[in-house]
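The values are calculated or read from the model by the stated rules, or taken from the named source; none is laboratory data. Note that the structure is predicted; figures quoted are calculated from it, not measured. We place every Cβ from the backbone using ideal geometry, glycine too, and count neighbours over all the protein chains shown.
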Amino acid sequence: MADYLPTAPYRGTRDFLPAEMSVRTEVFERLYEVIERYGYLRYDGPILEPVEIYEAKSSREIVEQQLYTLTDRGDRRLALRPEMTPSVARIIAGNAGKLQFPVRWYSHPNCHRYERPQRGRVREHWQINVDVFGSESPACEIEIFELIHDMMAALRAAPEMWVLRVSDRVLLNAILTTMLEIPAERVRDVSALIDRWEKYPHDQLGQEASELGLTDKQFHRLGEILSAGDALLDELPADARERSVLMHVLQSDARDLITFDPLIVRGFDYYTSTVFEVFDTSVENRRSLFGGGRYANLVGLFCAAQIPGIGFGMGDVTLMDFLRTHDLLPAPRSEVDVAVIPVGETLAEPARRLARELRRAGLRTSTPLETRKLGKELARASKAGARVAVIVGQDEWTAGTVTIRNMVTGDQQQAPVGAAPATVATMLD
Ligand code: HAM
């Protein structure tokens, strides 16, 4: 047997055939529409970035285990972007002088992470990023949370299908340093332990906690705090409550949009305050659907200006899993709505001209590239999803008419050639 190259895409990446692509396009367009209704404008940037922008301040896991890196011919170290936030911080810093803040931007990049492919995790995913720059007001949080609710509604997701869990790093730090008296240099590691709280068995967490220097009493108390829910808010130190942006949201009428949950940590070093994740309530999808947070100093890596940001990244894989689980995926789009079929080679030209007229009238129309028998062409048109066929036969054409067939019912009618676009348009309405 000949030794062909593999047809499968590189492990952890995906090909999207047109039917699937049409479903994705429909889903994403609904989301873009909602995002733009809030006044966010779309931007883009390069897939290759200097590796340093991730090393400076991102996530340990991404930098140490998941970056795709390469060295270019000029010996520059580059990475395929694993996320968009460092890129957008760079772009904001580079253009800050020209921008009117607050800036509301969104993008839809593909991102690469070297992960073990599994449910909800691949090596190339697409991520809708929505961020606001230049404001410290809790109004940003509220706007982002309202936007998330509207995006989920646009996908027809009922409120009980998902939950927006929110915490604040300021509160977390106070829990760890003041309430549990954990030394400042241990806060990052203990935070990472909390990030794994729901994924690991209790014994293993206990083991890791003791390796981090926590006493049994501290570990037990940590467990109590993490499961206290809203009651915890009253126990928190006053100065942390004052500094926390989230506390202002929790005291506003936007309180109902979110669930306070100190288990939400998020793995990125750049988050400084509010952190949040959206979860599917169905047990089938245990991974978070998407997440984000507030980052006070990331833009400061690139310029002297202090420009805070807050936003989130919504991944396509977890989103599609969610929509599939809840039976919310839209139907794939048909290839065309109308097929113009010549009966015999000599009518191919008139059929092509008529097809063009129909397209000018805004109808998605195909006509065969090769002439086949009428029955075969009708079967192909039906498979392509055409709801109407316009049959161009010799006698009718000579008389200035065509046959218009409703492909769903099989009903046929004659119409003058000039009236065909309007007749077909009415049938498709
Ligand atoms: P993240 O939580 O790493 O955050 O990614 C956001 C979302 O992207 C995840 O919730 C998930 O839906 C999707 N995602 C991430 N990695 C993968 C993967 N390997 N396979 C499939 N989907 C994946 C960030 O990236 C932040 N930069 C988001 C952000 C924007 N924060 C503020 N603005």
message: Regarding the range 304-321, can at least one residue be identified that is assigned to a strand (DSSP E or B), β-branched (V, I, T) and at pLDDT 95 or above?
response: yes
- prompt: Would you call P138 out of contact with any Leu (no Cβ under 6 Å at 6 or more places or on another chain), away from the ligand (no atom under 13 Å from the Cβ) and touching a residue at least 24 places away in the same chain (Cβ under 8 Å)?
  reply: yes
message: Return the residues of the range 296-341 that are among the hydroxyl-bearing types (S, T, Y) and touching a Ser or Thr at 6+ places or on another chain (Cβ under 6 Å); say none if nothing qualifies.
response: T325
task: Hey, could you check the range 1-24 for residues that are among the aliphatic types (A, V, I, L, M) and more than 17 Å from the chain's Cα centre (by Cα) and say which is surrounded by the most Cβ atoms within 10 Å (Cβ to Cβ)?
output: A19
task: Out of the residues in the range 48-70 that are away from the ligand (no atom under 16 Å from the Cβ) and under 25 Å from R266 (Cα atoms), state the one that is surrounded by the most Cβ atoms within 10 Å (Cβ to Cβ).
output: V51
- prompt: For the range 38-86, list the strands (runs of 3 or more DSSP E) that sit wholly inside it and hold at least 2 residues that are out of contact with any Phe, Trp or Tyr (no Cβ under 9 Å at 6 or more places or on another chain) and of a type in the set (S, T, Y); which are they?
  reply: 68-71
Of residues in the range 25-47 being touching a strand residue (DSSP E or B) at 6+ places or on another chain (Cβ under 9 Å) and surrounded by fewer than 14 Cβ atoms within 10 Å (Cβ to Cβ), the one farthest from A157 (Cα to Cα): D44
message: Exactly one condition in (1) touching a Pro at 6+ places or on another chain (Cβ under 7 Å); (2) farther than 24 Å from R333 by Cβ; (3) in a helix (DSSP H, G or I) is false for E377; which is it?
response: (2)
- prompt: Taking R104, is it within 14 Å of the ligand (Cβ to nearest atom) and surrounded by fewer than 18 Cβ atoms within 10 Å (Cβ to Cβ)?
  reply: no
- request: Answer yes or no as to whether A89 is in contact with a helix residue (DSSP H, G or I) (Cβ under 6 Å, 6 or more places away or on another chain) and either in contact (Cβ under 8 Å) with a residue 40 or more places away in the chain or surrounded by fewer than 18 Cβ atoms within 10 Å (Cβ to Cβ) (or both).
  value: yes
field: Within the range 276-289, considering residues that are part of a strand (DSSP E or B) and either more than 9 Å from the ligand (Cβ to nearest atom) or touching a His at 6+ places or on another chain (Cβ under 7 Å) (or both), the one modelled with the highest pLDDT
entry: F276
- request: Just give me the residues in the range 385-429 being touching a strand residue (DSSP E or B) at 6+ places or on another chain (Cβ under 7 Å), over 18 Å from V336 (Cβ atoms) and not in a strand (DSSP E or B), in sequence order.
  value: G393, E396, G400, V417
statement: The condition from (1) closer than 30 Å to I62 by Cβ; (2) crowded, with 19+ Cβ neighbours inside 10 Å; (3) of a type in the set (D, E, K, R); (4) away from the ligand (no atom under 11 Å from the Cβ) that R324 misses is numbered (2)
